[in-house]
Amino acid sequence: MRQFDHYPVYINHPGRWNEVRERQLEESASKGDTMMVNWLSPAATGAALYETMVDMSPGPEARGYERQIYQLLRLIESTKIGKLLLDALDWSQKYWIVPRENFGMPCGCKAVTFPGTPKGGGGIRVYLTPKELSRVQERWESADDILFHELVHAYRLGKVGYNGQKLTPMIDYPDAEEFVALHMQNVYLALRGSKRFYRDYKTLRSISKDTAYQNFSENAEVLMAFRYFVENDALATEVAKWTHPADSFNPWRDHAVLERIFLRGNGLKDLPAF
């Protein structure tokens, strides 16, 4: 287990504890101990406890995993938005980054973030395995920008709680939480030097800044979502204040201009609240 700098972020590969849990699960099943089977099964309380247990003699896989995640966090922290995001975490929480296989349920995703239950050790869990993702150098659907995306979810869960999330469904996003995570991810990509950005969560299509801004200026739902988060989320509020460079990809800053373009083009005075 490694803590990332002074942040409440902990990287843990359970190592042999995964093997211990699986062995205990098999033994309990052979004895017909339904209660223990349910407790030790993937995504159950026991499994959640095991995924944060520290292997005091980690093997090469565990050491490699923790080193890779640490390096990704270093890269994220080196950007302006990455440092802002890490500083914005709720310091009363613990944020655990563990292998995706420990999530225990099929999610059809490259990574997933979920709150731990009190009986399962609490904290907020980010499930991600770098070797399953593209290399950092590709700067697209790569380990660092996907980890950044998940850290936005973790930040939001720490600030507003599971029940406080903005889960309004959107046409091109499962909900507004995926919207804010994806477009913060786009700003991160811009600061990493990328000239291509995710169009939306549904397609993950690669587009230029000009095309993205044109799409935003024609989409009332997207414009309302940008405005909602700038007015209600501290991270979005701060990113919206960044004026330099003026031509950077930053729709959090530029949403008001894009909204005026939409209103003018549609003969409207304003948009309703999101």
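A short reminder: the numbers here are calculations on the coordinates, not readings from a lab. Small disclaimer: the values here were computed from a predicted structure and weren't measured. Cβ placement follows ideal geometry from the backbone for every residue including glycine, while neighbour counts extend to all protein chains displayed.
Tally the residues that are assigned to a loop (DSSP other than H, G, I, E, B) and of a type in the set (D, E, K, R), restricting the search to region 96-137. Write out each step before concluding.
Initially, region 96-137 is screened for residues assigned to a loop (DSSP other than H, G, I, E, B), giving 99, 104-111, 116-123, 128-129, 133, 135.
Next, only the ones that are of a type in the set (D, E, K, R) stay: 110, 119, 135.
Number satisfying all stated conditions: 3.
Identify, please: which residue in region 172-187 is part of a loop (DSSP other than H, G, I, E, B) and touching a Lys or Arg at 6+ places or on another chain (Cβ under 8 Å) and is, among those, surrounded by the most Cβ atoms within 10 Å (Cβ to Cβ)? Please lay out each step first, then the result.
Step one: list which residues in region 172-187 are part of a loop (DSSP other than H, G, I, E, B), which gives 172, 174-175.
If we keep only those that are touching a Lys or Arg at 6+ places or on another chain (Cβ under 8 Å) too, we end up with 172, 175.
Values: D172: 16, D175: 14.
This residue is D172.
Name the residues in region 149-197 that are without any contact (Cβ under 8 Å) to a residue 40 or more places away in the chain and of a type in the set (K, R), would you?
K195 - this is the single residue of region 149-197 that is without any contact (Cβ under 8 Å) to a residue 40 or more places away in the chain and of a type in the set (K, R).
Would you please name the residue that is nearest to F4 (Cα to Cα), looking only at residues in region 29-72 that are outside any helix (DSSP H, G or I) and more than 28 Å from the chain's Cα centre (by Cα)? Show your work before the answer.
The first filter runs over region 29-72 and keeps only residues outside any helix (DSSP H, G or I), leaving 32-33, 41-44, 51-59.
Applying the additional criterion that residues be more than 28 Å from the chain's Cα centre (by Cα) yields 32-33, 56-57.
Details: G32: 42, D33: 39, M56: 18, S57: 20 Å.
Here the residue is M56.
Quick one: which helices (runs of 4 or more DSSP H) lie wholly within region 188-274 and hold at least 2 residues that are more than 22 Å from I76 (Cα to Cα) and hydroxyl-bearing (S, T, Y)? First the steps, then the outcome.
Details: elements: 209-216, 220-232, 234-239, 251-266.
The helices (runs of 4 or more DSSP H) meeting that bar are 209-216.
Filter region 214-237 down to residues that are more than 26 Å from C109 (Cβ to Cβ), buried (at least 18 other Cβ atoms within 10 Å of the Cβ) and not hydrophobic (A, V, I, L, M, F, W, C), then give me how many there are.
2
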